[in-house]
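All of the numbers you see were taken from the coordinates with simple rules; none came from a lab. A quick note: this is a predicted structure, and the numbers were derived from the prediction, not measured. Every residue, glycine as well, gets a Cβ built from its backbone with ideal geometry; the counts of neighbours run over all protein chains shown.
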Amino acid sequence: MAFCLSCAGRSGSDSDEIPLSGTWQLFSSAEINADGEQLSSPEGHWTGGYSTEVPGTVLAALVENGVYPDPFYGRNLKSLPGYRVGRWLAMPPESPFYPTWWYRRTFRLPEHFNGKNLILIFDGINYKANIWFNGMRIADSTRVIGMFRRFDFDVTDAARPGETNVIAVQVSAPGKLPDIRYRTKQLEATTGWDDHNPQPPDLNMGIWRDVRIRATGPVTLEHPYVVTDLDLPSLERARLTVSVRLHNLTSEKISGVLEGRIESTKFSQTVALGANEEKTVLFHPDDHQALNLVNPRLWWPHPLGPQNLYLAELSFRANDSVSDRRKVRFGIREVSTYINDEGWRGYKVNGRNVLIRGGAWMTSDMLLRLTHRRYDALIRYAREANLNMLRSEGFSIRETDEFYDLCDQYGVMVTQQIFGRSIPDEDLAVANVEDMILRIRNHPSLVHFLGHDETFPTPSLDRAYRDLIETYTPERTYQPHSGAFHIEQRYQTGGTRTGTLELWTYVPPAHYYTHKADGAWGFAQSGGIGGVVAPYESMRRMMPESALWPVFNETFSFHTVLQSVDYFGVLIDAMRNRYGEPQDIEEFCRKGWVSNYESARAMFEAYGRNKYDALGITTWKYDAAWPASITWQYIDWFLNATGAYYGAKKACEALHVQYSYDDHSICVVNGLYRDFQDLKVDARLLDFDLAEKVSRSATVDVPPDGVVRVFSLEPPGDLSGCYFIRLKLSDRNGEPLSDNFYWLSTVPDLEGEKGYRTIEQGWDIMTATPRSYSDFTRLQDLERVTLDVSAEIRPGVQNEKNPHSSADEFIAAVKVRNPSDRLAFFIHLAAVRETDGLEIAPAFWSDNCFALLPGESRTVHARFYSRDLDGSPARIKIGGWNIEPGFATLQEDK
């Protein structure tokens, strides 16, 4: 049997291919007395075990089969055998996941596969495996090791076209290490969870990605790649270099024609291959004039332009027949990074500066149930908020092709981190990285590589990473370390900084303006805002009611971070002192949302105002791998958006009016590459009783990608303790372009003593005793407001203006009016199912968590998928800080 590392690519193939995902049998080797030869024999018949879907981990299968309760609810995960508290690398030998587990699949091969070369492909196995096919062992665990590698096997001799075939895979988990205390977070080429959620006791063992069989002729095509070289600054021409690796599977010489097509553009060349030869063949634009494109359609990150994509098709023809075909999708764009005079890393797209505002992407499910629904929702949420980068974090998985496909489609750039820490088996680490680069390098969304998280790779690993990037994708840039804790070290780490304990817990909004070292200056790979509170509905779904209040209990803590809810004590103290003591979990969530909104908005607004002294941030973190009550999450595991998300979405408007917490300036921030003229800015400063104290207006022109400080809105001396600012931006015709509403305090947030204390679990957490807190406690006294709400619904239609809409989507237009003489504060709307009252998720709102002054009205839109209704009618749930709860029926739009 021939063994080949990562010969397959998910770039697509027209060759015959059958997927082997779907239903498999699963057995524990501790419970079945059989070997691989017996289990994989087509003449054998094995009953029992568990029915499971592949891709899927062992634990996910056992949960699906009812062996264990839902590990995401309450403290169920702690009851699972093999679970350990805290962060751990060694699996206990008594764990049911310590023995190997068998995956078995019976299937029929098409009769027309007879006479072809058949290749069995595994896109991902964690962590080691012995593989058997029709009674023959085709690979053992000395070869099949490493979570982030693809494996291909020539099974032509063992296969039985037109008959029953059997695969048996014996999987061994990671974590079979000496059970000692390790002074590292990662030792093997597998996933890890750092401190942001617990670890599953099986350590994600299993066949976690697709399995399939390809039928080809004598020559296969592997690793197709299109490199684009764009003329800057004109953008008028692009030179394409196309490459593919050819592999002659026979022991004879073969000559044929390699043909390529990109839309109407065709190119070809004759290629001769020796026996069993592998050769990379290039189509260079100097030799093939057709690969010099005039006025190419470019790929841009959203919202800077469209996400144009091209399809390249390659085939090899020998002896008057096509031996193999490949398709690969790519985008034409030029992304570069640079180090500025202050030592910070900046980004350019198609020759133009771009401010990075995004987040750290985590594996979307702790059990690796990686569904299209979850990927699509999370990445679309980022697009809808104009978040333009996700940093794929090195402790989680090397993301699937679907993740990158959707980032390409939605216009979200990706920085790919390589590992969390240095792996002692450096050859294995390099093999994993090599395969990852070959797999993801065609994606235009991929723009930069990071080495390790908060640490440097060993010199030999760093050198290997650089060599791999230079060999396979020299167009991308690399830095060895995610970011400096001490900013003077940014010159060594790669021009970025990481977060601080203070940022990861809580800082008030003004901090991002007033603190240069860890505020909106330079580039932050981490940091951001700490302690994002989940929606009340999500809280109810992740734990029993008895655990919801008070929050300092074991179950609630279990759904925060490994350090427990105590880690976010600084946030909770700030909530209590700034907004008043919450009396129940609903009030706790409401005050947490308001606090998260103002901090997230201020952080992203500060980066916008300060560009390009501030070059960007990928805030820690964007999503969560399991249900979390308080953690770092803009979108929670239930796919509900948080208050932090809506604050970020407001701040990242493409054309935006905002207030500055440091100097009271009102600014217009333009995130587009075109100018705007004759814009009108209106600003009103209101006392707590809504009496107007200051009103200013101005007309401004804003240059492309520019920032204009319009005027200062200094608070007068006779203000109430809590006051408000309403901002509006409109065009020359009075059409609204942006609005903003701030609640501010005459009492400033002033730092005091800071320190650390060690909690029971052994973690050091931050403590803070500010000299003063902003005082928003009067917001508790706002009288209730009953809103006038009407809503219409219509099906989505995909067109040029809405390329990501579809007939599976509903669009709700919700008109909200405040008929009272009081402030309607922090209005929150949700689309819910009528049958069970659960919020429809995902739901993409044009705006949410907004305020209306007396007599004001606003129409906002929500998009959600019909499939998420489960056959139930939808209606709009109305809530907010001082909003009388209610519902609005969705009327069909005539």
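Miscellaneous remarks
- The Rg/Rh ratio of segment 335-652, with both radii computed over alpha carbons and Rh defined as the Kirkwood radius, is 0.96.
- Once C-alpha pairs closer than 8 Å and six or more residues apart are averaged by separation and normalised to the residue number of the chain, the relative contact order reads 9 percent.
- Every helix of 4 or more DSSP H residues in the chain counts as -39500 (n - 2.57), and over all residues that averages to -4500 deg cm²/dmol at 222 nm.
- Charge dipole (debye, nearest 20) of segment 598-713; +1 at Cβ of Lys and Arg, -1 at Cβ of Asp and Glu: 120 debye
- Extension gain for Arg784 to Tyr756 (0.36 nm times residue separation, less C-alpha to C-alpha distance): 6.0 nm.
- Spacing of the two label points (7 Å from each Cα toward its C-beta) at Asp231 and Asp682, in nm: 4.8 nm
- Over segment 658-729, Cα pairs under 8 Å with separation of 6+ residues give a relative contact order of 41 percent.
- Residue list for segment 229-269, given a label point 7 angstrom along the Cα-to-Cβ vector of Ala290 and an amide N cut-off under 15 Å: 240-243, 257-269
- One decimal place: the segment Glu402-Ser712 gains 106.9 nm when fully extended, by the rule 0.36 nm per residue minus the C-alpha distance.
- Förster radius 30 Å - calculated FRET efficiency between Glu426 and Glu488, Cβ distance, rounded to 0.05: 0.50
- Residue-span extension gain [Ala34 to His664] - 0.36 nm each, minus C-alpha spacing: 219.4 nm
- Summary value for segment 800-861: 46 percent relative contact order, contacts being C-alpha pairs under 8 angstrom separated by 6+ residues.
- Among the listed pairs Lys78/Lys591; Lys621/Lys754; Lys754/Lys877; Lys78/Lys754; Lys185/Lys650; Lys176/Lys621, those whose Cα-Cα separation exceeds 32 Å are Lys754/Lys877; Lys78/Lys754; Lys185/Lys650.
- Convex hull of Cα atoms in segment 217-330, direction-averaged projection (nm²): 7.4 nm²
- GluC sites (Glu not before Pro) within segment 14-120: DSSP coil, no more than 13 neighbouring Cβ in 10 Å: Glu31, Glu43, Glu94
- Cβ-based charge dipole, the chain, positive-most Cα from Ser712, Leu282, Thr47: Leu282
- Among [x] 51.2; [y] 42.0; [z] 37.3, the entry derived from the coordinates for mean projected area of the Cα convex hull in nm²: [z]
- Fraction of beta bridges assigned by DSSP in segment 335-652 that are antiparallel (%, nearest 5): 30 percent
- Taking Leu240, Leu26 and counting other C-beta atoms within 10 Å, the order from fewest to most: Leu26, Leu240
- Here the chain is assigned +1 on the Cβ of each Lys and Arg and -1 on the Cβ of each Asp and Glu. Its dipole about the Cα centre then comes out at about 620 debye.
- Within segment 198-215: backbone nitrogen closer than 17 Å to the Tyr182 label point (7 Å, Cα to C-beta): 198-206
- Neighbour-limited loop hits for trypsin sites (Lys or Arg not before Pro), segment 141-236 (at most 12 other Cβ within 10 Å; DSSP other than H, G, I, E, B): Arg181, Arg183
- Residue (of Val700, Pro627, Met147) at the positive-pole extreme of the chain, dipole from beta-carbon charges: Val700
- Size of electric dipole in segment 686-752: Cβ of Lys, Arg +1 and of Asp, Glu -1, about Cα centre, debye, nearest 20: 180 debye
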